[in-house]
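Undergrad: Input: one structure, supplied below.
The values are calculated or read from the model by the stated rules, or taken from the named source; none is laboratory data. Quantities reported herein were computed from a predicted structural model and do not represent experimental measurements. Glycine also receives a Cβ, built like all others from the backbone with ideal geometry; neighbour counts cover every protein chain displayed. These area figures cover heavy atoms from the full protein model, side chains too; ligands, DNA and RNA do not enter into them. Shrake-Rupley method; radii C 1.70, N 1.55, O 1.52, S 1.80 Å.
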Amino acid sequence: MEIVSLLFRQNVIMFLYLFIGYVLYKKKVITAQGSGEIGRLLLHVIMPSAIIKSYIKDYSGEMLAGFLVSFGTAFGALLLAMLVSGLVFRNKSTIRQFGAAFSNAGFIGIPLVQMTLGEEAVFYVASFVAILNILQWTYGVFIMTGDKSQISLKKIITNPIAVSLVIGLLMFFLPVRLPAVVTGVIGTLASMNGPLAMIVLGAYLAQVPFRELFTDKLTYLCAAVRLLLIPILTMVCLFLIPDGFGTVRLAVMLAAAAPVGSNVAIFAQIYHKQYTDAVKDVCLSTVLSILTMPVVIGLAEYLW
């Protein structure tokens, strides 16, 4: 159960970063516009750097096998999440259907996987993040708009996460070595992912009256589906993964157990939905995940 105590400790650290973001916003050091700009920096530079960094390693058949298993497992886990969220929220709330389906695998999943399972595991969880982003810009856009014509192939192809995955895979397969200065910059940027992501989420949290987090029944339901129902069903499905791919299984489980992804707030703004509902879902599920993720991962380790 060592990973559970390590995960809990890392979640406490992430919560402290969240608190820093909360205080900075309340003290007007960070504005709403500023937090949005930091979010774009994370999406376009820092998270892609974390993904590329995970692929800067020598090619091996074992790593390739792990990647293929993680890719297929991630796709299956996300299909399951979309199915469950659709069944629960289809006639209730498009915001919650989107939020419950897509975890914060990039901003929270990657740093937690990196800190608890090591750099190798980021190699496996990167495919989860890439598939998640592609599905957000296809299925997610359709949920928000109900209009298939709103789905843009250009946005999918030029998505920073998808592009970084392609770059990373090329570096993994080809005998290419970057200069030490370049890899050093990529590594430094990648290390900023966890702290900055949580600071931004803290700034989001500060924009919502604290009492409102605990008075919306749909926000509680969204958190329960995202943090408990979907991870437990995913855990059951992951029994199918052979024991030889234990790191892959845990990496996907961590990504699947992460709270509501902050992109739901961005999509809500883009498509003129109830932005404050999205922020409440992100913030409440993020706070509760500090307790639920260690419990879910501990249960998974015990059962596996």
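Undergrad: Mind telling me which of the residues Val236, Val225 ends up being open to solvent by 70 Å² or more (accessible area, probe 1.4 Å), within 30 Å of Ile290 (Cα to Cα) and within 21 Å of the chain's Cα centre (by Cα)?
TA: Among Val236, Val225, only Val236 is open to solvent by 70 Å² or more (accessible area, probe 1.4 Å), within 30 Å of Ile290 (Cα to Cα) and within 21 Å of the chain's Cα centre (by Cα).
Undergrad: Right, something else. Here are some conditions: (1) over 19 Å from Leu284 (Cβ atoms); (2) of a type outside the set (Phe, Trp, Tyr); (3) modelled with pLDDT under 90. Met14 meets all but one. Which one does it not meet?
TA: (1)
Undergrad: So for the stretch 203-219 (the condition being out of contact with any Lys or Arg (no Cβ under 7 Å at 6 or more places or on another chain) and over 25 Å from Leu16 (Cα atoms)), does at least one residue qualify?
TA: The answer is yes; a qualifying residue exists.
Undergrad: Follow-up question, since we're still on this one. Tell me, which residue of the stretch 145-189 that is part of a helix (DSSP H, G or I) and of a type in the set (D, E, K, R) is nearest to Asn263 (Cα to Cα)?
TA: Lys155
Undergrad: When you scan the stretch 207-216, do you find a residue that is touching a Leu at 6+ places or on another chain (Cβ under 8 Å), open to solvent by 30 Å² or more (accessible area, probe 1.4 Å), at pLDDT below 90 and within 26 Å of Gly39 (Cα to Cα), even just one?
TA: Looking through the stretch 207-216, at least one residue is touching a Leu at 6+ places or on another chain (Cβ under 8 Å), open to solvent by 30 Å² or more (accessible area, probe 1.4 Å), at pLDDT below 90 and within 26 Å of Gly39 (Cα to Cα).
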